[in-house]
Amino acid sequence: MRLKRHAFFCLIRRVPAKIIAVANQKGGVGKTTTAVNLAACLAAVGRRVLLFDLDPQANATSGVGLEKIEGASAYRVLLGEGGLLDKIKPTAFERLEVVPSEVDLCAADLELARLENHLLRVSQSLKPVLDSNRFDVVLIDCPPSLGILTLNAFAASDGLLVPLQCEYYALEGISMMNRVLAQLRDTGVNPRLDILGVVMTMFDGRTKLSNEVVGEVRNRLGAKVFETVIPRSTKLAEAPSFGKPIIHYDKFSAGAAAYELLAQEVIARLDAAPENEPQNSG
Ligand code: ATP
Ligand code: MG
């Protein structure tokens, strides 16, 4: 029903793609696991999804079953050579496509810093992709830093999805990220930027710690926190080694159910959000 309604809406009115950066400068908190599995779940319910791997570690690329291929990343495009549409690769999963990453993106932070409009390179490279009307959602998997690649993702995005691991100091860093968001908004780099939502990951209901951390984060961040909490699950951790998102690796696992629910919450927030402003081109 939701799929039919969405398809009908798209037929009568061109809905611009929403761009979401999955980001947290802390390492290993579940960014890539969330980007890959959310992308697959959104695609499974009918959204046309582009997973943009902006992390030189290329874990999202291998997580959807693609090999790292030299020259296949967005690196050259970000430097101004060629177009991003040519970098898009299909996956084995319907409606899910990917801009792969590879290790050359490591150099991008340094190289981009020397160029004009260095914060708008991702935004500008995505413009023809948005104009092609091929996608409903673009999910950007960010590296674990607030370096130039991540700032580029922020500058291009309609909203940030921030995974927080259920451990002490989970909130560490979110105030720094909020300061960066405010700066990008105030300087006009991306006036529409906000946090779409915070998702708690690697939750272990048997431990007091997990429950306390979720409680504290909900107290501090309120409605920004998604209802869905992602459980700690061996299946989620092993699915990437088979190059499959969890819904294609073990459809009936708790991890699959959690990401399916998260996808519904994300869709509800995206559909409730105001339409995109035109992309900042300066
Ligand atoms: P990085 O900062 O290095 O990019 P990340 O934030 O993208 O890391 P992931 O790669 O998604 O984090 O996850 C870190 C590790 O934790 C991986 O080995 C992943 O398989 C595992 N992991 C992530 N989420 C879960 C989960 N819900 N249950 C169990 N293991 C998980
Ligand atoms: Mg990652």
Notebook entry, point to check: Rounded to the nearest 500 deg cm²/dmol, what is the calculated helix-only ellipticity per residue at 222 nm for the chain, with -39500 (n - 2.57) per DSSP H run of length n ≥ 4?
Noted result: -12000 deg cm²/dmol
Margin query: With +1 on the Cβ of every Lys and Arg and -1 on the Cβ of every Asp and Glu, and nothing else charged, how large is the dipole of the range 14-271 about its Cα centre, in debye rounded to the nearest 20?
Written below: 460
Check: Could you give the longest part of the chain that holds none of the trypsin sites (Lys or Arg not before Pro) found in DSSP loops with at most 10 neighbouring Cβ atoms within 10 Å?
Finding: 15-113
Item checked: Restricting the range 147-193 to chymotrypsin sites (Phe, Trp or Tyr not before Pro) in coil, as DSSP defines it, with at most 16 other Cβ within 10 Å -> TYR168, TYR169
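If you average 1/r across every pair of different Cα atoms in the range 14-271 and take the reciprocal, what Kirkwood value do you get, in Å?
Working: mean 1/r = 0.0552 Å⁻¹.
It is 18.1 Å.
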Note to self: Can you compute the charge dipole magnitude of the range 21-70 about its Cα centre, using +1 on each Lys and Arg Cβ and -1 on each Asp and Glu Cβ, nothing else charged? Give it in debye, rounded to the nearest 20.
What the structure shows: 240
Item checked: Cα radius of gyration and Dmax for the range 114-161 (Å) -> 11.2, 33
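Go through the range 173-282 and name the GluC sites (Glu not before Pro) that are in a DSSP coil and have 16 or fewer other Cβ atoms within 10 Å of their Cβ. Don't skip to the answer; put the middle values down first.
On the way: sites: GLU212, GLU216, GLU227, GLU238, GLU260, GLU265, GLU275; in loops: GLU275.
Passing both the DSSP loop test and the Cβ count: GLU275.
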Notebook entry, point to check: Which whole-number percent gives the relative contact order of the range 14-271, counting Cα pairs below 8 Å spaced six or more residues apart?
Noted result: 26
Margin query: What is the distance in Å between the Cα centroid of the range 156-208 and that of the range 121-140?
Written below: 22
Notebook entry, point to check: Do any chymotrypsin sites (Phe, Trp or Tyr not before Pro) in the range 184-267 lie in a loop, going by DSSP, with at most 15 other beta-carbon atoms within 10 Å of their beta carbon, and if so which?
Noted result: PHE252
Check: Going down the table (LYS26/LYS208; LYS87/LYS224; LYS208/LYS244), which pairs top 30 Å between alpha carbons?
Finding: LYS87/LYS224; LYS208/LYS244
Check: Normalised by the residues of the range 227-269, what does the relative contact order come to in percent, with Cα pairs under 8 Å and at least six apart?
Finding: 43
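Here, each number is a calculation from the coordinates, and none is a lab measurement. Bear in mind the structure is a predicted one, so any value in this text is a computation, not a measurement. As a convention, Cβ positions derive from the backbone with ideal geometry for all residues, glycine included, and neighbour counts pool all protein chains shown.
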